[in-house]
Amino acid sequence: MSLSVVSPTVLVIEDEPVLRSSMVRGLLRDSSAQVVGVATIAEARRMIEQLRPAFIISDLDLPDGTGLEILDILDRGGLHVPILFASAYVPKYSPRIPRRSDIDVREKPIPLRELRSAVERSVGLRATSDGVGPFSATDYIQLACMCHRSV
């Protein structure tokens, strides 16, 4: 009889396709967690019900609502999942974000090493990286431009 180890799931909710794929690719490359990316609240709801993620990274400004709706989905399902809100609109949403120990809020762009560190802390995984970065120079420039930042 063999026991299989199930990797924890990290759910990335980001409507910008390039940023979402970069985050998923970067996190997959650097941990043993399963990382799934979705673009909307509706997709996130299905993934939360289906996968029961151990950690969520979510944008606040999404096409079909706000990332804050994820908190309602988790609370209604009785799930206690740490969540990192990553947004270029933190000041706009800040007054509506509840002060809870399982919620972290960061302004975009977030360096990949900070995302990795948040996943490791919350999910209890060690990085498995070979030290080679998952982003190319083009990825960094696109991320900086999307968030109206300089490189």
Practice item. Give the accessible surface of the stretch 5-56 per residue, rounded to a whole number of Å², with probe radius 1.4 Å and ligands, DNA and RNA excluded. Key: 43
Exercise for review: Report ³J(HN,Hα) in whole Hz for each residue of the stretch 56-69, in order, from the Karplus equation J = 6.51 cos²θ - 1.76 cosθ + 1.60 where θ = phi - 60°; Gly and Pro get x.
Suggested key: 10, 10, 9, 6, 9, 9, 10, x, 10, x, 10, x, 5, 5
Exercise for review: Would you please calculate the Kirkwood hydrodynamic radius of the stretch 1-117 over all C-alpha pairs and express it in Å, rounded to one decimal?
Suggested key: 14.5
Point to revise | Karplus-derived HN-Hα couplings along the stretch 81-91 (A = 6.51, B = -1.76, C = 1.60, θ = phi - 60°), whole Hz, x at Gly and Pro | key: 10, x, 9, 10, 8, 10, 8, 7, 10, 4, x
Exercise for review: Report, to the nearest whole %, how much of the accessible area of the stretch 4-57 belongs to carbon and sulfur atoms, 1.4 Å probe, protein only.
Suggested key: 53
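The values are calculated or read from the model by the stated rules, or taken from the named source; none is laboratory data. Keep in mind that what you see is a predicted model, and the values were worked out from it rather than measured. We work out accessible area using only protein heavy atoms, side chains counted, and drop any ligands, DNA or RNA first. Shrake-Rupley method; radii C 1.70, N 1.55, O 1.52, S 1.80 Å.
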